[in-house]
Structure formats: C-alpha cells, structure tokens
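The values are calculated or read from the model by the stated rules, or taken from the named source; none is laboratory data. All values derive from a computational prediction rather than experimental measurement. Using ideal geometry, Cβ is built from the backbone for each residue, glycine included, and neighbour counts are taken over all protein chains shown.
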Amino acid sequence: MTKSNFFKHATALSVVIALSACGSDSDDPVVPGTIVPPVTGPDSPDNVETVSVTLDAAQEIPAPSGVPAGASGSAEVSVDDNGVVTATLGVSNLSGPATMAHIHRGFAGSTGPILVGLETADGGSTWTVPADAAALTQDEIGAFNRGELYFNVHTEANAPGEIRGQIDAGNATSFLVRIENVSTPDTLNVASTGETQPVPLSPGAFIVHREENDSPLLLPRDAANAGLEAVAEDGNTAPYPGAVPGSVAFTTPVGASEPGPIGPGGAYEFTMQAVDGDKLDFVTMFIPSNDWFYTATDADNSLDLFVNGVPVSGEVAAADIAIWDAGTEADEEPGTGANQVQRQPEPNTGALDPDTRVSSLTGRGQSVSLNGRVLLMTITPQQ
Ligand SMILES: [Ca+2]
Ligand SMILES: [Ca+2]
Ligand SMILES: [Ca+2]
C-alpha cells in the first residue's frame, strides 16, 4: 500500500469511527455464544512431521485473474525440532512460468510475511528450500504446527500470487473468538461535562504465539511499535502485520459489510487455530481516548488457549483484560479531547506522550471512571 493510500485509508476509517462512535445498536442485543463443553485436544507434534499440501487459485488472496483451469501445485514439507525446513513443491498449468515461490506465515483466509524463499533449478516447475535458508524460530515452528504457514507461488500475470496452499497437518484445534461491546450510553463518566457516553471499540489485531514472557503485539515496551500506535490512536490496523509478523487484523463487525468500530451491542468475531502451549493476545482501541487500548493483562499479557492440554472455552475473566496506554500521545480527558479520534482533524494528531511506556493504566498511575464493563470476550473451540 502506498503512503498516500495508507493515509486515505486511515482518514476514512477515522471518519467512520467519528461518525459511528455515538451510534448504538441497543435494539439488537447480542446474546453471548453458547458455552461449548471442553473437547479433548489432539496431540501436538513433537518431532518431524511431513505435511502434504495442495495449491490452487481458490486459496489465493487477493483472488488472481486469468488463471487457467487446472493450475495447481503439490508439495511435501517438513520441519524438524531445530526449525530446519525441507520442502519440494511442483507446480503446473499456471498462466506463465512461476517467478517466485515462498512459505509465508498466515492462517487460511489471511495473508502474512515471508518466512522462507524457495529456489528453482528448472525454470519454475519445481521449488526447494535453499541450503542456506534460515531455520524457523521456536515461535515459527509453533506456527507450522498450528497450520499457520502457507505456500504462495507468483507469476508475471499474478504478481501477488497465482496459487496458494495452506500447510496444515490437521493437529490444531479451531477456536471462534468473539469480542463484544457491552458498554451502554452511561458507561463513561465525563467529569468536565457531567455527562456519560458509551465506549466504542475499534478494529484491532490478534496474534497466536508461544513466546514465554510477553505478547509480541506489545513489544517493545519502552516505545510502542508502529502497529500498536496506529490501532491505539486511530483504530487503524494497516501497519500491524508489517510491524509484528504473525499479527492478524480483525476489522469488520458481525453483520456489517465494511470495516468499522463497534458500539454497544456490536461485536467482532474471528477464527484461528492453535495447539497445546499456544496463547492469544489482542488489541482494540478504547475509542474515546488518545492512545488507550484493551489487551490481555497478566504475567505474559496473553490468554492461555489450553489448560492441561484441554482447549479453554467460555467467557474470559474480566480481570484478564484491561485498558493500557500506548505511550504515544498525551492524554486528554476521555470523551472530550480535541486530538482524540472522534474529533481530531486527521489521524496521528496530538502532542507526544511524556511517558512512552506501553503499560496498563494502573501501571502508569492513571485511571478512568467507568460504570461497568466494556469488552466481553468469549473463546469457543469448534468441534
Ligand atoms: Ca497516552
Ligand atoms: Ca502518534
Ligand atoms: Ca490523536
């Protein structure tokens, strides 16, 4: 995306947020999803596993054009405990010679960064992993095990990709995650006016990971990454995948056809896959602020997806989610500030925050007056 397009996007989204922030879908109450009893998780693989992959145009994002019927690929790929990748990929019936082939990180239905660039010795019919390719990190091995890697093959006619194949060994559990706005028109107390407001939430990002100490979405903690700054200030998810590999945006509310914020009664939903040991973190903007967001808040700022090998199921405890400050923009009174996304003239507007730490409001000695809860998250394993 070009810079000008980026700003157009960010501006458009800010306008959407500004226009929608006062809206309320109170005539459309949302009932939290039925709690599904825990299901037994499949064993996660410990050693080398070889996965067979079929590539086709139907899996490609964005949809390619002019692809001959029968364009396809077939691959065998394995990853050992040290992250060494072995792969053989053959392609046929493309619109022209394959110009590049890669292994990327991204769940089915989303796109993500390149992890391994493949090479060919026969003009593009067969592709393998170069001998000097970097091994996958432990977190990227986790991505392989949970079905989060994919092959993508490029042609001159379809430069972003002509055929794609998800690398999924079938070991993962699928989860549906729902983020529901349970605020009301009386949730946010605005002291200077004596009025109350709802607390709309913005499009955001999530990540499934296995890092031991912290969520990649929040790093570095002394000065916010570009993805976090854009979501926390403007509800703009575009920079996150570039800033934090493996992060995935959720942008379109349930029942909507366009990206936008959610007011009271609104919800975002996304699905993802995970294996035992995987964790989930997310960020979504506390819209009536300069740079506040909701995220998981415990020792590793992530929600465990398995407990004793069993997938978690049900509502996430209120204590496990909190409001944080990205440390990128000076704070005005919530619900009134001229530099907040609902009122500012353009994105990324406002004085710099004198405290650049990415931290919870509590951790920074800050607070906000709320009547009740704003965000309800439900995690449901799929049968
Ligand atoms: Ca701030
Ligand atoms: Ca900023
Ligand atoms: Ca601002």
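Which members of region 75-92 meet the condition of being in a strand (DSSP E or B) and without any contact (Cβ under 8 Å) to a residue 40 or more places away in the chain? Give the steps one after another, and end with the answer.
Initial filter on region 75-92 (in a strand (DSSP E or B)): 75-79, 85-92.
GLU76, SER78, GLY90, SER92 - these are the residues of region 75-92 that are in a strand (DSSP E or B) and without any contact (Cβ under 8 Å) to a residue 40 or more places away in the chain.
Mind counting the residues in region 256-294 that are basic (Lys, Arg) and under 30 Å from LEU352 (Cβ atoms)? Before the answer, list the steps.
To start, the set of residues in region 256-294 that are basic (Lys, Arg) comprises 279.
Imposing the further condition that a residue be under 30 Å from LEU352 (Cβ atoms) reduces the set to none.
Adding up the residues that qualify gives 0.
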Tally, over region 311-331, of residues that are out of contact with any Ser or Thr (no Cβ under 8 Å at 6 or more places or on another chain) and either near ligand 3 (Cβ under 10 Å from one of its atoms) or not assigned by TED's automatic domain parsing to the domain that holds LEU217 (or both): 2
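Residues THR50, THR120, THR126: which one is among the polar types (S, T, N, Q) and modelled with pLDDT under 95? Walk me through it before giving the result.
Working: THR120 fails: modelled with pLDDT under 95; THR126 fails: modelled with pLDDT under 95.
Result of the check over THR50, THR120, THR126: THR50.
Which of the residues that make up region 344-369 are more than 16 Å from ligand 1 (Cβ to nearest atom) and touching a Pro at 6+ places or on another chain (Cβ under 9 Å)? Break it down into steps so the answer makes sense when it comes.
Narrowing region 344-369 to residues more than 16 Å from ligand 1 (Cβ to nearest atom): 345-346, 369.
Listed by number, the list holds a single entry, SER369.
Can we say THR128 is more than 21 Å from ASP281 (Cα to Cα), over 20 Å from the mean Cα position of the chain (by Cα), outside the structural domain of LEU375 (by TED's automatic domain parsing) and β-branched (Val, Ile, Thr)? Outline the logic, then answer.
Details: more than 21 Å from ASP281 (Cα to Cα): yes; over 20 Å from the mean Cα position of the chain (by Cα): yes; outside the structural domain of LEU375 (by TED's automatic domain parsing): yes; β-branched (Val, Ile, Thr): yes.
Criteria met by THR128.
Filter region 332-341 for residues that are buried (at least 21 other Cβ atoms within 10 Å of the Cβ) and touching a residue at least 60 places away in the same chain (Cβ under 8 Å); which is nearest to ligand 3 (Cβ to nearest atom)? Before the answer, list the steps.
Filtering region 332-341 for residues buried (at least 21 other Cβ atoms within 10 Å of the Cβ) gives 334-335, 340-341.
Still in the list and also touching a residue at least 60 places away in the same chain (Cβ under 8 Å): 334-335, 341.
Details: PRO334: 13, GLY335: 14, VAL341: 6 Å.
Per the criteria, the residue is VAL341.
Just checking, which of ALA191, ALA256 is touching a residue at least 60 places away in the same chain (Cβ under 8 Å) and either under 21 Å from ARG343 (Cα atoms) or in the same structural domain as PRO354 (by TED's automatic domain parsing) (or both)? Outline the logic, then answer.
Values: ALA256 fails: touching a residue at least 60 places away in the same chain (Cβ under 8 Å).
Exactly one of ALA191, ALA256 is touching a residue at least 60 places away in the same chain (Cβ under 8 Å) and either under 21 Å from ARG343 (Cα atoms) or in the same structural domain as PRO354 (by TED's automatic domain parsing) (or both), namely ALA191.
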Matching residues, region 50-77, being surrounded by fewer than 16 Cβ atoms within 10 Å (Cβ to Cβ), touching a strand residue (DSSP E or B) at 6+ places or on another chain (Cβ under 8 Å) and not hydrophobic (A, V, I, L, M, F, W, C): THR50, SER52, THR54, ASP56, GLY70, SER74, GLU76
Residues satisfying the stated conditions in region 209-263, i.e. of a type in the set (A, V, I, L, M, F, W, C), buried (at least 20 other Cβ atoms within 10 Å of the Cβ) and within 16 Å of ligand 1 (Cβ to nearest atom): LEU218, ALA224, LEU228, ALA230, VAL231, ALA232
Residue in region 130-148 that is in contact with a Ser or Thr (Cβ under 9 Å, 6 or more places away or on another chain), surrounded by fewer than 21 Cβ atoms within 10 Å (Cβ to Cβ) and touching a residue at least 40 places away in the same chain (Cβ under 8 Å) present: no
